[in-house]
Each structure stands twice: as structure tokens, then as C-alpha cells.
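In what follows, a structure is listed as C-alpha cells, so that the remarks can point back to it.
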């Protein structure tokens, strides 16, 4: 049974979501104020957080930044604004998905399942290693030799997908489906921004400079390389 947390100032929606997802088999915690969320995290330990963007005490983007200091649980934004810029902003500051209101319970349920499945899969081997790079799958951490490379959830997910397909082109569609369960052309810009941030972090290490390669108009590839 998975734990999910709803953060929303709309008490009616909290009640409706709580009833629906409790019937779906989830342990549900509802919070009506962004400032109340952090103290509850440790005790409840959510597997997924559903976060409203527009709240009076603190908006969802600010709340996401604060939550990321305490948890790596996937965060799904809910918003009445469907603009591409707002979606990209939410994903870049640490969100994992963005759903526009009004939404169907079935779609939200599917997105929650995708995020929980993505972050809680069974790990048969704790480490993938291409020295001097290594990925600790259990901790979702990436290292250059003994130094940790700090990645966001989105950057980690992209790297992992490329690594398990080493030497192959991973298309934008493949990446989108891995990250969100679905793909549309509007997701391409978000993927490109994520890849650029990942490559910039690797650029600090000479041996990793050409590790993530862009395949023009198609996607990205994790390339073979020789240790320096």
C-alpha cells in the first residue's frame, strides 16, 4: 500500500480526492496549507505528493523547492494554468509531472502509479559502473570516482534511461514515456533543457564531457568512452 499526500487549500477537493484514492487502496494524507506539509513528511513518508500550484500562503513552486530539501518523493503539480512556461517551470524546480485542472480521477491515478512505479522498482544490482562514473541505483545517486554529482530527479531519470541503453539512440518519445508515461511534442523542450543541465554538470569532469551525446532531431545517446 502506497502513501500519497495532497496539498491544496480547497477543502472540498481534498475531501473528494481523499475518498476516491482511499477506495483505490492508498493511504492518503491531506494538507490544506503549504506550511503544514514539511512537519508531516517524516512521520507519513509519502511515496508521491500531489501539489496545487495556487495557494494563498505559499504557491506550489515555492513549496516544491522547500519539500525538495526533505524528500525525493515524486511531486505532481495540479494547476488551472496550462501554459508551456508554467509546466516547464514546475518541472525544472523539482516537480516530476504537471496536470492541468480540471482533471479526471482516472488520469491522476494513472500518473500517480507511473511515478510510484518509476521510483520504487525492484533493484537487482545496486550499482551500474562505467569507471570513473558509477550510479547507485538503491540511493539514486551518481558519482565521479568518489565525488557525488548532484542531480535532480529528472536528470537522474534521463541518465539512467540512457545508461541502460548504452550506445543506442533514445528518442524524445522514449524519454517522455519513461518520465511521464505519455509523450507529446510539447515535452521535447523540457527534455532538451533537462539534457542540457545534465551535460553541463558532467562538463566539470573532463572524462565525462562527451558522455551524453545529442542525436540531431531524434534524442540522446550514452556513448562509450575511455577513462583518462
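Each value in this text was obtained by applying a stated rule to the coordinates, not by laboratory testing. No experiment lies behind these values; they were computed from the predicted model shown. Reconstructed Cβ throughout: ideal geometry from the backbone, glycine too, with neighbour counts over all protein chains shown.
Here are a few things to note about the model shown:
- The distance linking region 38-79 with region 165-212 is 25 Å (Cα centroid to Cα centroid, whole angstrom).
- Residue order for 75, 112, 128, fewest other beta carbons within 10 angstrom first, comes to 128, 112, 75.
- Angle between the chain longest axis and helix 105-119 axis [Cα atoms, degrees, rounded to 10]: 40 degrees
- Rounded to the nearest 500, the 222 nm mean residue ellipticity of the chain from helices alone is -12500 deg cm²/dmol, with -39,500 (n - 2.57) taken per DSSP H run of at least 4 residues.
- Taking region 110-187 and dividing mean pair separation by its residue count, relative contact order in percent (alpha carbons under 8 Å, at least six apart): 19 percent
- Three-way shape call for region 49-97 based on the alpha-carbon gyration tensor, with the a/c threshold at 1.5: oblate
- Global form of region 127-222, assessed from the alpha-carbon gyration tensor, a/c cut-off 1.5: prolate
- Modelled spin labels at residue 66 and residue 83, positioned 7 Å past Cα toward Cβ, are 2.4 nm from each other.
- Global size of the chain as Cα Rg and Dmax, reported in angstrom: 18.2, 59
- Sequence-separation-based contact order of region 62-155, relative, with Cα cut under 8 Å and 6+ spacing, percent: 21 percent
- Rounded to the nearest 5, the antiparallel percentage of DSSP beta bridges internal to the chain is 50%.
- The mean sequence distance of close C-alpha pairs (under 8 Å, at least 6 residues apart), as a share of the length of region 3-119, puts its relative contact order at 23 percent.
- In the chain, the longest principal axis of the Cα atoms and the axis of helix 187-202 are about 50 degrees apart.
- Neighbour-count order for 50, 135, 88, fewest beta carbons within 10 angstrom listed first: 88, 135, 50
- The angle between the Cα long axis of helix 11-23 and the main principal axis of the chain comes to about 70°, on a 0 to 90 degree scale.
- Relative to its residue count, region 3-119 spans a Cα convex hull of 93 Å³ per residue.
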